[in-house]
1. Being closer than 25 Å to C117 by Cα and either modelled with pLDDT under 95 or surrounded by fewer than 18 Cβ atoms within 10 Å (Cβ to Cβ) (or both) is the filter here; which residues of region 270-280 pass it?
2. Looking only at region 317-329, filter to residues that are outside any loop (DSSP other than H, G, I, E, B) and more than 12 Å from the ligand (Cβ to nearest atom); which one of those is modelled with the lowest pLDDT?
3. Got at least one residue in region 97-111 being within 16 Å of the ligand (Cβ to nearest atom), open to solvent by less than 10 Å² (accessible area, probe 1.4 Å) and charged (D, E, K, R)?
4. Can E164 be described as more than 24 Å from A118 (Cα to Cα), open to solvent by 50 Å² or more (accessible area, probe 1.4 Å) and out of contact with any helix residue (DSSP H, G or I) (no Cβ under 7 Å at 6 or more places or on another chain)?
5. Pairs only if they're at least six apart or on different chains, beta carbon under 9 angstrom, first in region 289-305 and without any contact (Cβ under 8 Å) to a residue 60 or more places away in the chain and acidic (D, E), second open to solvent by 90 Å² or more (accessible area, probe 1.4 Å) and near the ligand (Cβ under 10 Å from one of its atoms); list them, first residue then second.
6. Answer yes or no: is there a residue in region 51-59 that is modelled with pLDDT under 95 and farther than 30 Å from Y255 by Cβ.
7. Would you confirm whether any residue within region 2-13 is of a type in the set (S, T, N, Q) and surrounded by 13 or more Cβ atoms within 10 Å (Cβ to Cβ)?
Amino acid sequence: MKNILDYTLEELKFWMKENGESVFRSKQVFDWIYKGIYNFDDMKNLPLVTKQKLKDNFYFSLPEVVKQCKSKDGDTFKFLFKYKDGNIIESVVMKYKHGNSICVSTQVGCRMGCKFCASTLGGMVRNLTPGEILGEILVAGRETKERISNIVMMGSGEPLDNFENILKFLEIVNSPNGLNIGQRHITLSTCGVVPKIIELADKNFQITLAISLHAPNDEMRKNIMPIAYKYTIEELLKACRYYIEKTNRRITFEYALVKGVNDGIEHAEELSSILKGMLCHVNLIPVNEIKENALRKSSPEDVKKFSNILLRNGIETTIRREMGADIEAACGQLRRSYLEDKNKIKEV
Ligand code: SAH
């Protein structure tokens, strides 16, 4: 038995053909799914025998909502989802004037080991399948009753460490018969898996690539991001230039500002010099403090100073608005506190 949500339209067409069904049935099935019908019996225009074949081969697996929180201002929703095997992940929906964004998790946990990140503390448990990532969007949409128009892969996990599933997920959400979310409304964020960035560039997609840079030189980056031991910033930026050349898309560099670590004036100058002339945008984020480490966020004045230097050097820069801080909306925090609470209960 397979989760039908893992299937692209093309794969389902292939399945129909192999099973003696007309390929147009796959489009009908897709139409029902994206109308929110997760039950073959209710797919009214399918013949009984087709329904039976589908039931014999597929199930619908949507994550269960374990916990749901809404920020006081009502702009941010946080979900803790549980999959069939008991694994817990989190997703966040953010309401903006230009539409609603969902931040999805792509793995249970993460093995990248970034020092500031809560998602990676327990290591990587497993990859999420395309249908499981899609499930985050379907259930979050159902629960918030909002149309979700943008997707950012900035939840737990490293999307380029789950590449094949992400490609399929992109195909499904992008499909006019699926969620029909345009590639330009999708952002993939990576800590910088260089060979996969090159592979992604060769796909010629129009998705936005966000790079978690967080440091202006290798020495400092190695201190906070183990991936820096594998690929230098020079190699990373070369891959980024290739991505821009192939896709003509502007790259976003994320830079979490940590007090006394990477937030000095000299770091802003160094960052400006390595990014100069690139089609890019820097997103400054005062680091989200987590209790498991001693990293503290830069003061608002230092953030402003840092930003001004970049701007003065001609680098497009924004300071990320912090949303949902009151509901632990950042990067694996909610899952962690949930798992900790559960362990506490077990210990008693
Ligand atoms: N693995 C991918 C995507 C998930 S993390 C990546 O590394 O990009 C999404 C973003 O949140 C990344 O930029 C990550 O560096 C950042 N992040 C993680 N923990 C953070 C924290 N405590 N404060 C601020 N940003 C954080």
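1. The initial filter retains those residues of region 270-280 that are closer than 25 Å to C117 by Cα, namely 270-272, 274-275, 280.
If the condition is that a residue be closer than 25 Å to C117 by Cα and either modelled with pLDDT under 95 or surrounded by fewer than 18 Cβ atoms within 10 Å (Cβ to Cβ) (or both), then E270, I274 are the ones that fit.
2. Residues of region 317-329 that are outside any loop (DSSP other than H, G, I, E, B), as a first pass: 317-319, 325-327.
Restricting the remaining residues to those that are more than 12 Å from the ligand (Cβ to nearest atom) gives 317-319, 326-327.
On the way: T317: 97, T318: 96, I319: 94, D326: 62, I327: 59.
Step by step, filter region 317-329, then rank; the result is I327.
3. no
4. Values: more than 24 Å from A118 (Cα to Cα): yes; open to solvent by 50 Å² or more (accessible area, probe 1.4 Å): yes; out of contact with any helix residue (DSSP H, G or I) (no Cβ under 7 Å at 6 or more places or on another chain): yes.
For E164, the condition - more than 24 Å from A118 (Cα to Cα), open to solvent by 50 Å² or more (accessible area, probe 1.4 Å) and out of contact with any helix residue (DSSP H, G or I) (no Cβ under 7 Å at 6 or more places or on another chain) - is met.
5. none
6. Quick first cut of region 51-59, residues modelled with pLDDT under 95 only: none.
Taking every residue of region 51-59 in turn, none turns out to be modelled with pLDDT under 95 and farther than 30 Å from Y255 by Cβ.
7. In the first step, residues of region 2-13 are kept if they are of a type in the set (S, T, N, Q); the result is 3, 8.
Retained after the next criterion (residues that are surrounded by 13 or more Cβ atoms within 10 Å (Cβ to Cβ)): 3, 8.
Taking every residue of region 2-13 in turn, at least one turns out to be of a type in the set (S, T, N, Q) and surrounded by 13 or more Cβ atoms within 10 Å (Cβ to Cβ).
For every residue, the table says whether it meets (1) open to solvent by 30 Å² or more (accessible area, probe 1.4 Å); (2) of a type in the set (S, T, Y); (3) within 14 Å of H214 (Cβ to Cβ); (4) within 11 Å of the ligand (Cβ to nearest atom).
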site: V282; (1), (2), (3), (4): no, no, yes, no
site: N288; (1), (2), (3), (4): yes, no, yes, yes
site: A294; (1), (2), (3), (4): yes, no, no, no
site: K297; (1), (2), (3), (4): yes, no, yes, yes
site: D302; (1), (2), (3), (4): yes, no, no, no
site: F306; (1), (2), (3), (4): no, no, yes, no
site: I309; (1), (2), (3), (4): no, no, no, no
site: R312; (1), (2), (3), (4): yes, no, no, no
site: I315; (1), (2), (3), (4): no, no, no, no
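The values are calculated or read from the model by the stated rules, or taken from the named source; none is laboratory data. As the structure is a computational prediction, the values presented were derived from the model and not from experiment. Cβ: placed from backbone, ideal geometry, glycine included. Neighbour counts: every protein chain shown. Ligands, DNA and RNA are excluded from the accessible area calculation, which covers all protein heavy atoms including side chains. Shrake-Rupley method; radii C 1.70, N 1.55, O 1.52, S 1.80 Å.
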